[in-house]
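The values are calculated or read from the model by the stated rules, or taken from the named source; none is laboratory data. Since the model is a prediction, treat every value here as computed from it, not as a measurement. Every residue, glycine as well, gets a Cβ built from its backbone with ideal geometry; the counts of neighbours run over all protein chains shown.
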Amino acid sequence: MSLSASRRAALEEAILPPLVALAIVLVVGDVLILATGEAPSDVWAALVSGTWGNWYGIGQVLYKATTLACAGLAVAVSLRAGLFNIGAEGQLAAGGFGAAIVGLALPAGTPGIIAIALCTLAAIVGGGAVGAVPGVLRARFGAHEVIVTIMVNFIVLALLNYIVAAKLHVPETLHTPSMNAGTVPRLADAIPAFHGSAANWTILLVGAAIAAVAWYLFRTRAGFELRAVGLQPEAAEYGGVKVPRVWLRALVLSGAIAGLGGVNFVMGYKGYYEDGFAGGAGFLGIAVALVGRNHPLGVVVAALFFATLSQGGLAINAMVPRQVVEVLQGIVILAVAASVPEVRRLVRQAVSARGVAASSAAAAPSAPAGGSRG
Amino acid sequence: MMILLFLAQTIRIAIPYLLAASGGALAERAGIVSLSLEGFMLGGAFGAVIGAHYSESAWIGVVSGVAAGLFLASIHAVCTLRFKADQVVTGVAINLFTVGITRFLLQLAFDSSSNSPRVAGFGDENVGGALALASNPLVWVGLAAMPVLAFVIYRTTFGLRVRAVGEHPMAAASLGVPVDRVRWAAVLGSGALAALGGAYLSLDQHQFTDSMTAGRGFIALAAVIFGRWDPKRAGIACLLFAAAETLQIRLQAAQLIPSQFVAMIPYVLTIVAVAGVVGRSRPPAALGRAAE
């Protein structure tokens, strides 16, 4: 019974903040829409029908959610270890760049399965290498990972911009030449209904990776250590966990997951690396992790939600400026961030009130019986 | 003459850094992580153009720019201080929110997705170079910001309180310092100062362009960290970063160093500083932690 009560409290803690955020978003959204002179109900309806109302919209949402899920899971893994990786943007770009470079280097006739495996590996290595920088600096020198990941973000993006702009671009563009091998077909090739959308089979790669990370976090010793360090580093240290090593491992893993996100655009959509393709998805990953409560399953749901918002912006652009959704995304993050501690406080208060009520109710008829707490 | 031009250009580039970094130093010394400087600046730049556009006065522009900064800073303060939201998350959210809302309002007010119409600015436009610089009052505010902040932080009661709530809020509270009120003041101050930096940018260019702050808030944050959270050192860091940029612009024709590498300098120096390779850069002890 006490287990189900704590489960219920945990569920309330997870579900309530997004609901509060949703309510606030609807109100702010209404105000912004009214400011443009449109009817809010029409715009909301267009947003829903333009995303989940047709196969093209669904395909686009799935495509965007694939990248966001990687970025979100990357942030979530770091937070599980008590670290805040806000460098997913640069790691995502580095991963995409790695995949594109390997795809360029491979000969055109490389068998698909080998080329895809190598390019995916390159994405993981690219992101992981960028994640290793804050990891090493944290583990070795105690440098704060928030500061280092911000700074590394700018360095990586500038470096990639230099390489592409000065060495490796197709004239008149800021993207690399197309890969010779390693591209992944679109969903539309097998399911014609998705025609025109960017959704592609890298979604399976990413889905498998999310499942693997969930397994790692909750079913392996290393994952347990990672979470233990996140909850209470001193206690973990006392329990024999080498904390700096776990920090390094967590940040490398986090970077690798973010890097994997790059395969979606590079291998599945365009077939080349383009400067700035991450387009803020790395930063939205923070929102995805926050709303998804750092849980792989929650991250997937949150990624779908944020993907719906950004695709929805395009669907309503004829009626109101699509930037409305950027404002709303910011509001969601603020509202969830602000309501998480408040909800936690209220839920715990309610739980202890329930606990007191339950124990006094149980104790009242048989007053002499001691040990109401079990 | 070359040196004078170099100096003038360095100062011109450094002013927004100095203003935003002084805001960042103030908030961080009070224990509030300043990831939102970029958003405050962008809000200030946009607010200034809106004010200047409708009043045709640069001064009104400055006032409305600062008001925009204060508005954003109060959202930050409500979330992190009243509701104890995570400061890093809030900072990132403020930045995303500001990019969105400025684009939305740009579209609404001027029917453009890229820039505003031309607005009033400071100084006589017929004189160039150092004279134009000297005739811009925001330049003087920017140059004064760090010395004034140093005085406030080290020599006034308010400054003592700021340092106390940044290092040990519990101890400060037990001595009767109103922790949340001091932090509110610091966050609002940082919003106003960073917004002034943004207002300088947009009024200097006589228009607002989409995302025109282009990471300057983060360079200001880098300067604060590289300057070890000390106003004077942070001010010197701002000038150093600006001088590097000026050098790069001057040498652009020679193609000696790619501009991207010069752009990396502040970030690389900051990483070196926090890694403690040459003297550890230590943040205020309670930075990022909500007071109970």
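Some points to look at:
Table: residues versus (1) out of contact with any Lys or Arg (no Cβ under 6 Å at 6 or more places or on another chain); (2) modelled with pLDDT of 95 or more; (3) buried (at least 16 other Cβ atoms within 10 Å of the Cβ).
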{"position": "A:227", "(1), (2), (3)": "no, yes, yes"}
{"position": "A:233", "(1), (2), (3)": "yes, no, yes"}
{"position": "A:239", "(1), (2), (3)": "yes, no, no"}
{"position": "A:256", "(1), (2), (3)": "yes, yes, yes"}
{"position": "A:259", "(1), (2), (3)": "yes, yes, yes"}
{"position": "A:266", "(1), (2), (3)": "yes, yes, yes"}
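- Checked against the criterion of being of a type in the set (A, V, I, L, M), under 27 Å from residue B:97 (Cβ atoms) and in a helix (DSSP H, G or I), the candidates A:11, A:26 yield just one match: A:26.
- Of all residues in region A:132-151 being under 19 Å from the mean Cα position of the chain (by Cα) and facing chain B (nearest Cβ under 7 Å), the one that is surrounded by the fewest Cβ atoms within 10 Å (Cβ to Cβ): A:146
- Residue match in region B:242-260 (condition: within 14 Å of the chain's Cα centre (by Cα) and among the hydrophobic types (A, V, I, L, M, F, W, C)): yes
- Flag for residue B:60 being buried (at least 24 other Cβ atoms within 10 Å of the Cβ) and away from chain A (no Cβ under 14 Å): no
- Region B:228-250: number of residues that are part of a loop (DSSP other than H, G, I, E, B) and either among the acidic types (Asp, Glu) or touching a Cys at 6+ places or on another chain (Cβ under 8 Å) (or both): 1
- Some residue of region B:55-75 being among the acidic types (Asp, Glu), modelled with pLDDT of 95 or more and either touching a strand residue (DSSP E or B) at 6+ places or on another chain (Cβ under 9 Å) or farther than 20 Å from residue B:284 by Cβ (or both): no
- Options A:302, A:289, A:337: the member that is closer than 30 Å to residue A:223 by Cα, modelled with pLDDT under 95 and within 14 Å of chain B (Cβ to nearest Cβ): A:337
- Residue that is modelled with pLDDT of 90 or more, aliphatic (A, V, I, L, M) and closer than 23 Å to residue A:156 by Cβ, where the choices are B:223, B:273: B:223
- Those helices (runs of 4 or more DSSP H) lying entirely in region B:85-169 with at least 3 residues small (Gly, Ala, Ser) and either touching a strand residue (DSSP E or B) at 6+ places or on another chain (Cβ under 6 Å) or within 14 Å of chain A (Cβ to nearest Cβ) (or both): B:87-110
- Among (1) within 16 Å of the chain's Cα centre (by Cα); (2) of a type outside the set (A, V, I, L, M, F, W, C); (3) within 14 Å of chain A (Cβ to nearest Cβ); (4) farther than 30 Å from residue B:159 by Cβ - the single one residue B:215 does not satisfy: (4)
- The C-beta contact set for region A:145-156 (first residue among the charged types (D, E, K, R), second residue part of a helix (DSSP H, G or I) and surrounded by 24 or more Cβ atoms within 10 Å (Cβ to Cβ), distance under 7 angstrom, 6+ apart or interchain) comprises A:145/A:134; A:145/A:251.
- Selection of first residues in region B:97-109 that are more than 16 Å from residue B:40 (Cα to Cα) and of second residues that are buried (at least 20 other Cβ atoms within 10 Å of the Cβ) and of a type in the set (Ser, Thr, Tyr), restricted to Cβ pairs under 9 Å at least 6 apart or on distinct chains, gives the following pairs, ordered by first then second residue: B:106/B:116; B:109/B:116.
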